[in-house]
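Some notes on the structure that comes next.
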Amino acid sequence: MGSTERRERERSEMREMILTAAMRLFLEESFEKTTMRRIAEAIEYTPGALYGYFKDKNEILYALHVRGFEELVARLESALVGLTDPAERLAAIGRAYIRFAFDNPQQYDLMFLAKSTAKKIIEDAEWACGLRAYDILSTEVANLVQHRGSSTNPDVAAFACWSMVH
């Protein structure tokens, strides 16, 4: 392994340590009470070292937000494997979504309820991680509406389904 690969691996490991410690502290002490200094203490580094990876704790929270959505998307896609009936597919992703929330209640709260996450989404005018999950839902709703020959607006129905599971 060359020095470039080693440095990249070490950087990835450090980033993971920061995210793991931050998630634990956000859940134990709350996001509001957790400081960059406290995260640094948890991994036995100086606060300055964290700033080489994240500009602030909001950026750390957003990274955890993205990670949560990546897991949610994986669960939704996995729930669809082998299913062809549109109603079964929609029901399966609904169950997968709710199961994710029950399996990860604190992470779910961080993904959907943290104000700083919404602030970051608005600042960036982008939410690719969340839209991937929503696109899976809206595609399945549209397929069911079409399959049944319904005049229901699939966009409205998808939004209603998304809202209902919250």
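The values are calculated or read from the model by the stated rules, or taken from the named source; none is laboratory data. Everything numeric in this text was worked out from a predicted model, so none of it was measured. All Cβ positions, even for glycine, are placed from backbone atoms using ideal geometry, and neighbour counts span all protein chains on display. SASA here: full protein model, heavy atoms, side chains in, ligands and nucleic acids out. Shrake-Rupley method; radii C 1.70, N 1.55, O 1.52, S 1.80 Å.
Accessible area of Thr20, 1.4 Å probe, to the nearest 10 Å²?
Result for Thr20: roughly 80 Å² accessible.
Carbon and sulfur: what percent of the chain's accessible surface (1.4 Å probe)?
About 54 percent, which is the carbon plus sulfur part of the accessible surface.
Would you mind getting the accessible area per residue of the chain, heavy atoms of the protein chains only, 1.4 Å probe, in Å²?
Per-residue accessible area for the chain comes out at 59 Å².
Taking Cα pairs under 8 Å and at least six residues apart, what relative contact order does the chain come out at, in percent?
19
How long is the gain from Arg67 to Met164 if the chain were fully straight, where each residue apart is worth 0.36 nm and the alpha carbon distance is subtracted?
That pair, Arg67 and Met164, stretches by 32.6 nm at full extension.
With each run of n ≥ 4 DSSP H residues scored as -39500 (n - 2.57), what mean residue ellipticity at 222 nm is computed for the chain after dividing by its residue count and rounding to the nearest 500 deg cm²/dmol?
Roughly -25500 deg cm²/dmol at 222 nm, from the helical runs in the chain.
So between Ser78 and Ile43, what do we pick up on full extension, going 0.36 nm a residue minus the alpha carbon distance?
My answer for the length gained is 9.2 nm.
Quick check on segment 43-110: what are the equivalent-ellipsoid semi-axes from the Cα gyration tensor, as sqrt(5λ), descending, whole Å?
35, 11, 8
Place +1 on the Cβ of every Lys and Arg and -1 on the Cβ of every Asp and Glu in the chain, take the dipole about the Cα centre, and give the residue among Ala133, Ser3, Tyr97 whose Cα lies farthest towards its positive end.
Ser3
Against the longest principal axis of the chain, how steep is helix 86-103, in degrees 0 to 90 to the nearest 10, with axes from Cα atoms?
30
To the nearest 20 Debye, how big is the dipole of segment 19-133 about its Cα centre, given +1 on the beta carbon of each Lys and Arg and -1 on that of each Asp and Glu?
Roughly 120 debye for segment 19-133.
Computed over the Cα atoms, what is the radius of gyration of segment 1-41 divided by 2.2 N^0.38 Å, N being its residue count?
Here the Cα radius of gyration is 1.47 times the empirical estimate.
Over segment 1-118, with a single point scatterer placed on each C-alpha, what log10 of the ratio I(q)/I(0) does the Debye formula yield at q = 0.09, 0.15, 0.16 1/Å?
-0.33, -0.75, -0.81
Could you compute the longest span of the chain free of GluC sites (Glu not before Pro) located in DSSP loops and having at most 13 other Cβ atoms within 10 Å, not counting the site residues?
45-125
With just the Cα atoms defining each centre, how far is segment 1-20 from segment 131-149? Give it in Å.
Each part's Cα centre sits 39 Å from the other's.
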